[in-house]
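The values are calculated or read from the model by the stated rules, or taken from the named source; none is laboratory data. Remember, predicted model here, so these are calculated numbers, not experimental data. For neighbour counting, all protein chains shown are included, and Cβ atoms are generated from backbone atoms with ideal geometry for every residue, glycine included. Side chains included, ligands, DNA and RNA excluded: accessible areas come from the protein's heavy atoms. Shrake-Rupley method; radii C 1.70, N 1.55, O 1.52, S 1.80 Å.
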Amino acid sequence: MGSASSTQRSATSGYPAGRRNRNRPSNGNSPAVTGYGTTGVITGQQRLSSSDTITTTMNGGVTRGRVVSTNNNTINSVGRSAPASVGGRPTVVSPAPSSPVQHPLAATHSRPGAYSVSREGSGPTQVFRVRIPDEVRPGQEFQVIAGSRTVRVRCPMESRGGQYLQITVPPDPVVRQNHQGMAVLTSATGSEGGGAVLMRAEVAEANEQQHQQQQQQQHQQNQLHHQPNPPAQQQTYMVTVPAGIRPGMQFAVDVEGQRMMVTCPANVQAGMNLRILPPPAPTQSTSLDRPPEQQNSVSTPPRPPLMQMFEVVVPAGVRPNQQFSLLANGQRVLVTCPPNVGPGRKIRFQLPISHNDASTVQLSYEKIKDGWTRTIRVTDMKFQWVRMDENGEIDVVTQERFDVKHSAYTRKLHFLEGNDPRMRTGKLSLVTANESSVDSSVERNGREVVGYWEIAAAHQRGSYEEKSAWFQEICIKRLRVEWSEGHMRMNVRRAHLLHDSIDAVMSLGREDMRKIWRFEFIGETGVDAGGLAREWFQLVTEACFDPDMGLWLSSSTNQMAMRINPASEISCPEDHLIYFRFLGRVMGKALFDGQLVSGHMVRHMYKHILGWPITFDDLELADEEYYNSLSSLLKVDDVGAMCLDFTFTEDALGTNKVVELMEGGSNVDVTNENLPEFLQSNLKYHLMDRVKPQLTELLLGFYDVVPEPLLTIFDFQELELLMCGLPTIDIDDWMKYTIYQGEYEAKGASSKTCKWFWDIVRNEFDQETRARLLQFVTGTSGVPSRGFSVLQGNDGNIRQFCINGVSKDFTLYPKAHTCFNRIDLPVYSSKDELREKLTVAVATSATGFDIE
C-alpha cells in the first residue's frame with residue numbers, strides 16, 4: 001500500500017494530491033514527484049507514532065528528525081533549504097514511480113461498510129516536498145498535506161519562508177475491509193426468529209461448563225466467608241505504635257509489601273506493641289467487556305489501594321448471619337454478622353481506600369429512611385441493593401408475597417458466548433432487588449484498570465457535572481483503544497443511512513466498539529472532525545425511534561418518552577431483534593464517546609439499563625389507565641366478584657391476543673388470596689416480559705461498549721441527561737403555557753408562592769436542576785420542538801404544565817402527577833421554605849425514599 005496517484009482525491013483531507021515531476025531525486029536514488037496542493041486544518045484522522053522517525057531532505061542532503069506531537073503530526077525538519085520555485089502555494093512530493101502503489105483508501109472510498117485502519121511498518125516510506133509559508137519563521141510550525149494526512153512541520157533554524165523542504169514520512173495507514181459481514185445473533189432461549197439463530201451444541205456446552213465453574217467458585221467463596229474463625233496459617237505481626245499517636249488515631253504500617261492503616265485501640269498508647277492480622281490481598285472482579293491488552297493506550301492507573309481495617313460493634317437486634325448497614329468513609333457498606341456473634345460484640349472487616357483518603361476515613365451509622373439504597377457487600381466487594389425501613393434499618397424481606405409499597409425487582413442479565421465471537425448473547429430475568437449485584441471494579445485482561453475506591457469516590461461526587469466528567473475521563477483515558485492501535489472508518493450512504501449503518505456496526509467485535517470511529521458520507525466532501533459523528537448519531541437514533549418504523553411507540557403518559565413496541569416482530573418479522581441490538585450498541589457508543597442520542601425513553605427503561613429497582617409505581621408511567629385499574633382492586637372487598645383471571649389481552653395492530661400471565665393462567669381466577677400474585681405477574685409482564693427479547697438485545701448491545709460498574713454512580717434521571725443532553729428550556733415559554741389550579745386558580749402567576757416558584761426556577765436553579773424539575777413533573781427532560789404549548793398528557797391531548805395549589809395539611813413537600821403534567825405545590829409562608837422543600841422533592845425523586 002502507498003500514496004495516492006496524482007489524480008486521486010484524498011479520502012481523509014479532501015485535498016488533491018500533487019502533480020508528478022520527474023526532475024528531482026527522491027532520497028538520492030529514485031526520481032521524486034512534485035505537485036501543487038492547498039493547506040487545510042488538521043483532521044486528526046492520521047496520527048504518527050511518537051517513535052516514528054521522519055527523514056527530511058534539503059538540496060539532496062538527508063537529515064533525520066522526530067515526531068514531536070502525535071496529535072498534530074509535527075515533524076522536525078533540520079538541514080538546508082532550497083529556494084522556492086513556486087510562490088504562494090505549498091507543493092507536495094509523491095512517492096517515486098519506481099514503486100507504484102495504490103492509495104490505501106482508493107479501493108474502499110466508494111463502498112459502504114466498516115473498515116479497520118491500522119499501520120503496517122513493512123510498507124514503503126513516502127517523500128514529500130513542501131513549501132515553507134512566507135510568514136513562518138525558523139522554529140515555528142506549519143501545516144502541510146502529506147498524501148492522505150495533514151501533518152505539522154517545524155521549520156529548521158537555517159530555513160526561511162518561501163523555501164522548500166523535502167520530508168520522508170512513514171507509510172500511509174493500511175485500510176483493511178471487514179469481509180466477515182454482519183455477525184449473526186444467537187438465541188439463548190431455545191427459540192429463533194427476528195434475526196437470531198439457535199445456539200450451536202458446542203457453544204451451549206461451553207457455556208454450561210463456564211456456568212458450573214462460576215457456581216463452584218462462588219460456593220468456595222461463600223464457604224470461606226462463613227468460617228467462624230480465621231485460617232490458622234494466617235500470620236500475625238507485632239508493630240509499635242508511633243510517637244504522637246493517641247487512641248482512635250490511625251497510622252500506616254508496611255507488611256509484606258502491603259501498606260495498611262491501623263487504628264490505635266482505646267487502651268493502647270504510643271510506644272506500646274500491638275499485634276495485627278494483615279488482610280489478604282484484594283481480589284479482582286469480573287470484567288463485563290474488555291478490549292485487548294495494549295501499550296500506551298491507557299492512562300497510568302492509580303496505585304494499588306490501601307487496605308483499611310474497620311472495627312465495629314454489632315447493633316442491637318442483629319442476629320448471626322443477618323446483614324446490617326453502616327457508612328464507611330462516605331460509602332454505604334453491607335456487613336453480614338458472623339456466626340456465634342451477637343449484638344454488642346465487635347467484628348472487623350476491611351475495605352480498599354485510595355491513598356488520598358488514608359487520613360480521612362470515617363465510620364458512622366447514619367440512617368437513610370424508607371427507600372432503596374446501593375451498598376457495597378464486604379464479602380465479595382460487589383454492589384448490592386438493600387431497602388431501609390422507616391427506622392433506618394435494613395428491611396429484612398421475610399415475606400415472599402408481593403407488596404405494592406415495598407417489593408421491588410431488578411433486571412439480571414447473564415452473559416453467554418454466542419455462535420459468533422463478535423456477538424455474545426445472554427438471558428434476561430427479573431429478580432428481587434436485594435438479590436442482584438454488580439462488580440465494583442473494571443478489569444482488562446486480568447488487570448484492574450478502575451478500582452472500587454475510585455468508583456466509591458465518584459459515588460460521593462456531589463454534582464452531575466463532576467460525575468459525568470469523571471465517567472468520560474475513564475472512558476477516554478483507560479478504556480478507549482488508542483488511535484495508533486487502530487481505528488474504524490465508517491462509510492455510509494446518506495440515501496441508505498440506516499441500512500449501511502446496521503451492516504457496519506453489526507460487523508464489529510466488542511474491541512472495535514471502543515475504537516475511535518471516523519465517518520464518511522459517500523459522495524460528500526465533508527471531513528469528520530466531530531461534526532459528521534454528531535450528525536450520524538442524531539440521524540440513526542432518530543430513524544430507530546421513529547414510530548413509523550414500528551420498533552418504538554410513544555408512551556401513553558408522555559409523547560416525548562418512547563417505549564418498546566411489543567408488536568415489533570410484526571413490523572419487522574425477519575430482523576427486529578437486529579435493530580434493537582444495533583440501537584443498544586449505538587446508545588452505548590454514544591455514551592462512551594460523549595455523543596447524544598435523539599430519543600427519550602420511559603423511566604423504567606433507564607432503570608433497566610442501570611439495574612435499578614423497579615416498583616409497582618413504575619407501571620403508572622408505562623400504562624396509567626391500567627395502573628389505576630389494578631390499584632382499584634386493592635380497595636375491593638371481594639375481588640372474585642370481578643370475574644378476572646391471570647391473563648392480559650394484548651392489542652397487536654388491531655388484533656386482540658390473550659396472554660397468560662402464568663402457566664394455565666386462563667384457568668386461574670383472581671381472588672383476595674392470590675391478588676398479590678396477580679399484581680406481581682402484571683408488573684413483571686408489563687415492565688419486562690412483554691418486550692423481553694427486544695430488551696435483552698438492547699441491553700446486550702449497550703454493554704458491548706460500557707462496563708456496568710461505571711454506571712453505578714448515576715441515577716436514572718442523570719442517565720437520561722447524560723444520553724440525551726441537558727435540554728434548552730425557555731423559561732418565558734414555560735411560564736406562558738402554565739395553568740394554575742386549586743389555591744392559585746384565582747391569582748394565577750400573581751400568587752405570592754407562584755412568584756417565588758418562578759424566581760427560583762429562573763434565577764437560582766441551574767440547567768441541570770431545571771431539567772430534573774421537568775423530569776419530576778412530566779416524567780422526562782424532553783421538551784417538545786414546538787415548546788410547552790403542545791405538551792401532551794397520558795390521553796394524547798394537550799395538557800399544559802400545571803401548578804396546583806394545595807394546603808400544607810395535605811402535603812409538606814411538592815408532589816408530581818406525571819400523567820397530567822401537574823405539580824401539587826403547597827402554599828408556603830416564605831420563599832426559603834419553598835426553596836428547601838422543592839429542592840428536596842426534586843433531588844429525592846430518583847431514590848424511592850419517602851420524604852414525608
Worksheet item: Counting only residues 5 or more places away or on other chains, whose amide H sits under 5 Å from the amide H of D380 once H atoms are built in the peptide plane?
Response: none
Worksheet entry | Listed residue (T432, N419, V481) projecting farthest to the positive dipole end of the range 385-488, Cβ model | N419
Worksheet item: Which far-off residues, 5 or more places away or on another chain, put their amide H under 5 Å from the one on V197, with H placed in the peptide plane?
Response: L185, T186, S187
Practice prompt. Any chance you could look up the accessible area of K477 with a 1.4 Å probe, heavy atoms only, rounded to 10 Å²?
Written response: 100
Worksheet entry | Per-residue HN-Hα couplings for the range 541-551 [Karplus 6.51, -1.76, 1.60; θ = phi - 60°; Hz; x = Gly/Pro] | 6, 4, 5, 5, 7, 4, x, 5, 6, x, 8
Worksheet item: Using the Karplus equation 6.51 cos²θ - 1.76 cosθ + 1.60 (θ = phi - 60°), what ³J(HN,Hα) coupling, rounded to whole Hz, does each residue of the range 312-320 give in order, writing x for Gly and Pro?
Response: 10, 9, 5, x, 5, x, 8, 9, x
Worksheet entry | Using θ = phi - 60° and Karplus 6.51 cos²θ - 1.76 cosθ + 1.60, couplings along the range 711-724 (whole Hz; Gly, Pro as x) | 7, 5, 7, 9, 9, 5, 5, 5, 5, 4, 5, 5, 7, 9
Discussion item. Need one number: nm distance between label points at N667 and Q216, each 7 Å from Cα along Cα→Cβ, rounded to one decimal.
Written reply: 4.2
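Counting only protein chains, not ligands or nucleic acids, how are W453, W756 ordered by accessible area (probe 1.4 Å), most first? Please list the in-between numbers first.
Working: W453 30, W756 50 Å².
Order by accessible area, largest first: W756, W453.
Using the Cα centre of the range 458-586 as the reference point, and only Cβ charges (+1 on K/R, -1 on D/E), how large is the resulting charge dipole? Debye, rounded to the nearest 20. Spell out each step's value before the answer.
Details: 16 positive and 19 negative charges, 106 e Å.
For this selection, approximately 500 debye.
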Worksheet item: aspartates and glutamates near K467 by alpha-carbon distance under 18 Å, same-chain residues fewer than 8 away left out - which ones?
Response: E454, D593, E708, D715, E718, E720, D766, E768
Discussion item. Given a 1.4 angstrom probe, what's the average accessible area per residue across the range 709-748, in square angstrom?
Written reply: 41
Worksheet entry | Protein accessible area in the range 547-647, 1.4 Å probe - carbon and sulfur % | 48
Practice prompt. Between T811 and V268, with labels modelled 7 Å along Cα→Cβ, what's the label distance in nm to one decimal, could you check?
Written response: 5.4
Fill in: Cα-projected label distance for E833 with W758, points at 7 Å along beta-carbon direction, nm
2.2
Fill in: Within straight-line cross-link reach of K427, lysines at Cα separation under 18 Å, skipping those fewer than 8 residues along the same chain
K412, K607, K684, K692
